[in-house]
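Take a look at the structure set out below.
The values are calculated or read from the model by the stated rules, or taken from the named source; none is laboratory data. The structure presented is a predicted model; accordingly, all values stated were derived computationally and were not measured. Quick reminder, even Gly has a Cβ in these numbers, built from the backbone with ideal geometry, and neighbours come from all protein chains shown.
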Amino acid sequence: MATGQEAIAIEVRVITETPDLLEAVRLQKIIWGFSDLDLLPPRLFVVAHKIGGQVFGAFDGQRMVGFCVAIPGIRAGGVYYLHSHMMGVIEEYQNRGIGRALKLAQRKEALERGIELVEWTFDPLEIKNSHFNIARLGAIVRRFVPNQYGISSSPLHGGLPTDRCVAEWWIGSPQVRALLDEQRPLPVLIEGRIEVPQEIGELKKTNPGQAREMQARIREEFEYWLSKGLAAVGYEITPQAGAFLIGPEPAHS
């Protein structure tokens, strides 16, 4: 059950049938405004499902209102993980717990297979999403990739370089279990902050030059702190900014 301005019953389930996969493609255009060049095609969803990835849809009755897709990956040393490549919820259903329901479905299925790590990338300029990934789910950030995807066709990206944080979600770790299963975050040691001004979203639309300057400053701060072997281990929001809290990474098990 998701909660928001009104309670709605949402079903999250694996999707494999062609009509559902085509709807996931259509939702990409609605959510991000992508051109056809940037869309994930149905065949990628099919392949992801067949090779050990995940494809989930979120449904309000018969209507798909969100989806996520993950593909399998292998780290050095043969560590198997899932890369959650895309997740989205249509605007009228956002802030109702549907993104969380999709991520919890990912976690449950991965734990059942003995997978310990789910990764994904996210834009550090998106304050609500950063808070969700770190403060709500318990992901940490140890890697930062400048302009990972090049300039995209989505209006949401404002023509800026697609700088991305890499979220590491150690789904069976004490921190994540305490946060999700016991509803009590564990304390962390904080040595620094990286602040993202609240006005960044508006500046993307009205003053892209200033937004680009802010982005460059945030990139430099990530590169500085992460080069010291630290990680983004917490996140907080104030009326002025969202802030990544930097400290030693917690134990994964």
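Of everything in region 59-113, what is farther than 19 Å from ASN129 by Cα, among the aliphatic types (A, V, I, L, M) and part of a helix (DSSP H, G or I)? Give them in sequence order.
ALA110, LEU111
Would you point out which residue out of GLN94, GLN62 is out of contact with any Leu (no Cβ under 6 Å at 6 or more places or on another chain), within 27 Å of VAL166 (Cβ to Cβ) and among the polar types (S, T, N, Q)?
Answer to the check: GLN94.
Select from region 10-37 the residues that are surrounded by 15 or more Cβ atoms within 10 Å (Cβ to Cβ) and either in a helix (DSSP H, G or I) or basic (Lys, Arg) (or both) and list them in ascending order.
Scanning region 10-37 gives ASP20, LEU21, GLU23, ALA24, VAL25, LEU27, GLN28, ILE31, TRP32.
Listed residues GLY209, GLY242, GLY201; which is modelled with pLDDT of 95 or more and either out of contact with any Cys (no Cβ under 9 Å at 6 or more places or on another chain) or at positive phi (or both)?
GLY242
Tell me, which strands (runs of 3 or more DSSP E) wholly within region 126-228 include 2 or more residues that are in contact (Cβ under 8 Å) with a residue 24 or more places away in the chain and farther than 26 Å from VAL89 by Cα?
Strands (runs of 3 or more DSSP E) meeting the threshold: 192-197.
Of all residues in region 72-98, how many are in contact with a helix residue (DSSP H, G or I) (Cβ under 7 Å, 6 or more places away or on another chain) and either of a type in the set (Asp, Glu) or buried (at least 18 other Cβ atoms within 10 Å of the Cβ) (or both)?
Residues flagged as in contact with a helix residue (DSSP H, G or I) (Cβ under 7 Å, 6 or more places away or on another chain) and either of a type in the set (Asp, Glu) or buried (at least 18 other Cβ atoms within 10 Å of the Cβ) (or both) within region 72-98 amount to 5.
For the structure I just gave you, tell me whether LEU27 is on the phi < 0 side of the Ramachandran plot and at pLDDT below 95.
no
Just one of the numbered conditions (1) at pLDDT below 95; (2) loosely packed, with under 14 Cβ neighbours inside 10 Å is not true of LEU160; which one?
Failing condition for LEU160: (2).
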